[in-house]
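Here the structure is laid out as structure tokens; the discussion comes afterwards.
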Amino acid sequence: MRRKLSYWALALLIPLGFVSCSQEEVAPQEQELRIATRSTSDESAAETFTDAFTLELWSTTDNAKYETHQMTYTDGAGWNTVKSSILPANAFAYKGSSVTDISYTDKWNYTVNLQLDQSDATKLADADVMIATGSANAESPLNLNFQHYYAKVTFNVELASEFNPETDVISRFDVVTCDGDYVKPYVDGNSYTAVIPADPYFKAGVHFALVTINAEKLEVEIPDEYAN
């Protein structure tokens, strides 16, 4: 009789064990995300975008789930493969190292800090932040239309006749932003290029650049016709 009861107990335990295993959570399956990019300077002009960038994906169903992917482009192969376990997701892409504090609620929240040292080609390119957003899913490509966060300005400088080009040289050139920050630009011959906020200077007479010639500082002011 005891042996029969033991068999019944064993028969009850085995199916209960299977039921318990079937209730365990299954890990989300990764899905491959296709990416299409372009760069737009205005509404009528577009060109291929192939710069390396960072891709942030935030789940549309669980805001606590997000992924970061580093993207690089190879001629002939395109973008590196992205596999995500949180699709569908909101996508935020950016180029430049000064984008921080990225989050998503009902919209994208982030901070961009202007890099003041843009004195070589690499630093200038890194300071030129570009941003794109979109909706990511496995059924269709993620279209990213990158736009510049800042405006690019170039000063083509020529010494006036009052200066002697053999002895008078520009020892320093600072681009002054509308916020009063001094940017060290990239120098290419007589051209000085920087990216700065595209906000208005509000009035004529404020400084747009500061030029130092033989230790003498000369202020470049916004003319009346270019105010605002």
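Suppose the Debye formula is applied to equal point scatterers at every Cα of the stretch 84-228; what is log10 I(q)/I(0) at q = 0.10, 0.12, 0.18 Å⁻¹? These q points yield log10 I(q)/I(0) values of -0.48, -0.63, -1.08. Ranked by the mean number of other Cβ atoms within 10 Å of their residues, highest first, the peptides 57-69, 98-110, 153-165 fall in the order 57-69, 98-110, 153-165.
Indicate the gyration tensor shape class of the stretch 80-128 (rounded, prolate or oblate), computed on the Cα atoms with a ≥ b ≥ c the square roots of the eigenvalues: a/c under 1.5 is rounded; otherwise a/b larger than b/c is prolate and the rest oblate. Write down the numbers at each step before the final one.
Values: a/c = 4.67, a/b = 1.76, b/c = 2.66.
Oblate, since a/c reaches 1.5 and b/c is not below a/b.
Residue ranges 208-221, 190-203 sort as 190-203, 208-221 when ordered by packing (mean number of other C-beta atoms within 10 Å per residue, highest first).
Lys and Arg at +1, Asp and Glu at -1: add these up for the other residues within a Cβ distance under 15 Å of Tyr104 and post the number. Local charge sum for Tyr104: -3. The apolar share of the surface of the stretch 86-148, taken as the fraction of accessible area on carbon and sulfur atoms (1.4 Å probe, ligands and nucleic acids excluded), comes to 46 percent.
The values are calculated or read from the model by the stated rules, or taken from the named source; none is laboratory data. Owing to the predicted nature of the structure, the values given are computational and were not obtained by experimental measurement. FYI the Cβ positions are ideal-geometry reconstructions off the backbone, even for glycines, and counts take in every protein chain you see. Accessible surface areas use protein heavy atoms only, side chains included; no ligands, DNA or RNA. Shrake-Rupley method; radii C 1.70, N 1.55, O 1.52, S 1.80 Å.
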